[in-house]
Structure formats: structure tokens, C-alpha cells
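The values are calculated or read from the model by the stated rules, or taken from the named source; none is laboratory data. Not measured: the values here are computed from a predicted model. Cβ coordinates were reconstructed from backbone atoms using ideal geometry, including for glycine residues, and neighbour counts include every protein chain displayed. The accessibility values were calculated without ligands, DNA or RNA, using every heavy atom of the protein model including side chains. Shrake-Rupley method; radii C 1.70, N 1.55, O 1.52, S 1.80 Å.
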Amino acid sequence: MRRHLLFSVLLLLLTLSTGLGGLAQTEEGETVYVLAGKLLDVRAGRLLTDQVIVIRGERIERVVPASEAALPHGANVIDLSGATVLPGLIDAHDHLTGDHRFHGYRALSISVPRETLYGVLGACKTLAAGFTTVRNVGASGYADVALRDAINDGEILGPRMLVSGPALGITGGHCDNNLLPPEYNHRAQGVADGPWAARAKVREIIKYGADLIKFCATGGVLSKGDDVGVLQYTLEEMQAIVAEAHKLGRKVAAHAHGAEGIKTAILAGVDSIEHASLIDDQGIRLARERGTFLVMDIYNDTFILEHGAAVGILPESLEKERQIGQAQRDNFRRAHQAGARIAFGTDGAVYPHGDNAKQFAYMVEYGMTPLEAIRAATIHAAELLGCGDRVGALEPGKFADLIAVAGDPLADVTLLERVRLVMKGGKVAQDDWNR
């Protein structure tokens, strides 16, 4: 942990001093040849041996057997002949501008500028862990929009980001802030009550740069004063949010723990259900029939129950987690067995950034094969995000986002917790392999 923190700090200093995001630079349009001893074809579900990934600029030009790759004299070669190469990983539920050390009343001391700065460090750690794309679902003051734009402009180091800006919610609900007394007259930025107010809020959030819309359909674990399973937005309000967002070309993610909230959100037409802790058989059937993705964060229960009190998580929140944590894991198994579509998402910032890959072992423990868990974090997450033509697999035309590990992740999925090299857009962002 100490070494990882030191790396992150050094990487951040390099970012700020160079203005280049700490990425190893190549000339525009230069061709790079990655020698992969083993390469995971996530779509076919098999490990290929002795492959060469030909990268021109930021995109993959072709992937060919080494015997068919004629490397020119003086070629720019990255030798991963002793490694297993996979597509860059995707976390479909993250909060890069959050920090795991500040929950409950402690979080009140964090300003939006400070939150944005935490996002810089969170982005560095997440990319270093092999996650080259994230969907950021909820941030104060459009901090995630600023972070995304700075990464895209090459000013800081981080993964590709799709961002929601402030999450929509009812007055006093999970997406409001209930920690302050009434004399402060405080409402969270995404609060909107009623169908037309909700439509207006969708328009406002898109105006200020959101790539998607997130709303809270039910109560939550880490909020004060609400029941984790109780429906918050009505069907009419959810339908208004989804209709407005889809009309404006944005997908919709619904935070939903309770069974009725999950089903109501699916019927309203959302693209994904976040958490889905108490999903029942009818909810699983609806999700399967309508193609709604489930994004179930089944690792962070461990962190919350082991470390939550020390980082300021309220006693009532710890009790809520004890009520639903194991139920969520059991329902993950049931949803997977029933054939529901599942995308990898972890709720980063509840636990320390950079530990995203710890969830893979839990997904395998609760019913997935390692390949299925990896697909959830590659081709399936890319489909949910609407960027399957750009990321999620090592295929011609896609961004050259890849990671390397020592060993076979199909035999031991925990290898993904120890990524040795990370490339994003044809540029090496981390290299522990050649040190």
C-alpha cells in the first residue's frame, strides 16, 4: 500500500510538472509493435499465443500471429512476450472525485475544489490499476466534468471518463444531503421533485457537460435518514427523466437497492440498475427481457464492514450494510444464473481508488467464471457505456488500451489485482514489467 501511494504521488507530480499526463510519448502516427506472449481474445474466450499488436497512433491497426508480423528494422517494440495481455479494464460505477477517507459528517469539510483535486489522484490510481475507462456516476459541482476534460486535453493522467455530473434525487432522498440542520436550507445540486422539474434538471445537467444521467430510485446505504429499500422517485418521475435523457442522446443509470424501485426503474426504461441489492425474481426477469444491465458492487461490503467506522461511516449506514451486503451477493449469483446482463462496477471511493480489481474474486466466488468476470469489465461494460466500437477488446480500429499481467488470469483472476503494464491510447501509462 505504501509503495502504491508513493507511486501515485510521484505520478501526480510528473503530471503537474510536464502537463502531458505522465504518458510515455510517441510521435503522432508512429507505429508501435506490442509482442504478446499470450493475448486474451475476450470475445472468443480464448488465450492466443505469440501475437503482435500493431498500433498506429492511438488505435490498433491489426493483431496478427508473430510468425506473420514482419517488423521493420528499428521498429518501436514493447516486449511483453513473457506476459498475458488483455484489453484495458472498465469500471462502470465509479466516483473518482470521492475519497474513501471522508464519509458521513467528515464529508461536509470537503469543498468542490478539494473534491476535484482528489479526483486527480483518484484518476492516477485507477489508471495505474489497469482501468482505462470509467463511468463516473455522481459528483458535486461538475467536478467530474472538469476532471474528464482535463484528462481528454492531456493535462493530467487518468482513464477515459463518461460522467453524470450531479445525480438526480428527491428532497431528502439518497441523492440529497441530509446531514445539515434546516437553518442551512441546503439542497443537493441534483434535487428535483415532480416530472417537469426532473425534466428541467436533466436538461440543466446535460447543458453543463454530462455524458449520461444518474438518478436515485430508492434509498441508499451511505445516506442519513432514509430506508435503503424504499422507493423514492415515482414511476411518472422516472419516466420523465428517462424520456428526456434518451431524447437528448444520453443513457440513464438508476441507483436502486429495493425490489420495487428496481422494477419501477426498469419499467421506466433505464439502461442500467446500480447496486440491485434486493432484486427479486420478477426484477431479474424484467432486466433480462428488457436488456437492462445490472451493475452490482459486491466487493465494497467487505471494506465498509471492516473499515467503515474508522472512516466516518455513520452507525445507521453500517447497520444498513449489514442488512443488504450478503443479500446483494446472493442475488448477484441468482441474477447471473438466470442470464441477466451484468457489467463490472465497484462504487469506487467507498473503498480506496486503485483497488477496483479486488471485485473480480468476489464475482468468481459468487458464480462467474474468470472469463465471465473479465468480459463484464470489458466487452459488456463497453456495451453498457455505448462505446463498444472504441474500447473493450483488442481489435482493429479500437483504442490501443491494454494491460499486461504475469500468468494466466483465466486460472487466477486475482492476477488482475497486480497489473504490470498499462497502455492507454497507444501510450504507456505504467510499466512495472520492464523495470
Counting only residues that are open to solvent by 10 Å² or more (accessible area, probe 1.4 Å) and free of Cβ contacts under 8 Å to residues at least 60 places away in the same chain, how many does the range 290-300 have? 2
Restricting to the range 377-388, give me the number of residues that are surrounded by fewer than 20 Cβ atoms within 10 Å (Cβ to Cβ) and either touching an Asp or Glu at 6+ places or on another chain (Cβ under 7 Å) or not in a helix (DSSP H, G or I) (or both). 3
Residue satisfying condition, being at pLDDT 95 or above and crowded, with 24+ Cβ neighbours inside 10 Å, within set GLN282, GLN359: GLN359
Can you pull out every residue in the range 265-280 that is charged (D, E, K, R) and touching a helix residue (DSSP H, G or I) at 6+ places or on another chain (Cβ under 8 Å)? ASP271, ASP280
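Matching residues to (1) open to solvent by 20 Å² or more (accessible area, probe 1.4 Å); (2) aliphatic (A, V, I, L, M):
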| position | (1), (2) |
| --- | --- |
| ILE313 | no, yes |
| GLU321 | no, no |
| ILE324 | no, yes |
| ALA335 | no, yes |
| GLY345 | no, no |
| MET363 | no, yes |
| ARG375 | yes, no |
| ARG390 | yes, no |
| PRO409 | no, no |
Unmet requirement for ALA197, which otherwise passes all of (1) open to solvent by 40 Å² or more (accessible area, probe 1.4 Å); (2) small (Gly, Ala, Ser); (3) in contact with a strand residue (DSSP E or B) (Cβ under 6 Å, 6 or more places away or on another chain): (3)
Which of the residues that make up the range 411-435 are surrounded by fewer than 18 Cβ atoms within 10 Å (Cβ to Cβ) and among the β-branched types (Val, Ile, Thr)? THR414
Yes or no: ILE55 in contact with a Gly (Cβ under 6 Å, 6 or more places away or on another chain), more than 30 Å from TYR142 (Cα to Cα) and open to solvent by less than 30 Å² (accessible area, probe 1.4 Å)? yes
Within the range 322-356, how many residues are in a helix (DSSP H, G or I) and either more than 21 Å from the chain's Cα centre (by Cα) or farther than 16 Å from GLY219 by Cα (or both)? 15
Residues in the range 172-180: is at least one hydrophobic (A, V, I, L, M, F, W, C), open to solvent by less than 10 Å² (accessible area, probe 1.4 Å) and either touching a helix residue (DSSP H, G or I) at 6+ places or on another chain (Cβ under 7 Å) or in a strand (DSSP E or B) (or both)? no
In the range 140-160, how many residues are open to solvent by 10 Å² or more (accessible area, probe 1.4 Å) and outside any helix (DSSP H, G or I)? 5
Any residue in the range 103-125 that is buried (at least 18 other Cβ atoms within 10 Å of the Cβ), touching a Leu at 6+ places or on another chain (Cβ under 8 Å), among the hydrophobic types (A, V, I, L, M, F, W, C) and assigned to a loop (DSSP other than H, G, I, E, B)? no
What's the total number of residues in the range 66-102 that are in contact (Cβ under 8 Å) with a residue 60 or more places away in the chain and part of a strand (DSSP E or B)? 15
Residue count, the range 210-238, condition touching a Cys at 6+ places or on another chain (Cβ under 9 Å), part of a loop (DSSP other than H, G, I, E, B) and either within 16 Å of LYS263 (Cβ to Cβ) or hydroxyl-bearing (Ser, Thr, Tyr) (or both), comes to 3
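Residues checked against (1) open to solvent by 10 Å² or more (accessible area, probe 1.4 Å); (2) modelled with pLDDT under 95:
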residue	(1), (2)
LEU222	yes, yes
GLY229	yes, yes
LEU235	yes, no
MET238	no, no
ALA245	no, no
LYS251	yes, no
ALA256	no, no
ASP271	yes, no
Can you confirm whether LEU305 is out of contact with any strand residue (DSSP E or B) (no Cβ under 9 Å at 6 or more places or on another chain), open to solvent by 20 Å² or more (accessible area, probe 1.4 Å), touching a residue at least 60 places away in the same chain (Cβ under 8 Å) and closer than 22 Å to ARG101 by Cβ? no
Among the numbered criteria (1) open to solvent by less than 10 Å² (accessible area, probe 1.4 Å); (2) in contact with a Pro (Cβ under 8 Å, 6 or more places away or on another chain); (3) farther than 19 Å from GLY172 by Cβ, which one does GLY190 miss? (3)
Tell me, yes or no, whether the range 337-352 has at least one residue that is among the acidic types (Asp, Glu) and under 30 Å from ASN152 (Cβ atoms). yes
For the list (1) within 15 Å of VAL163 (Cα to Cα); (2) part of a strand (DSSP E or B), I need the number of the one condition that VAL63 fails. (1)
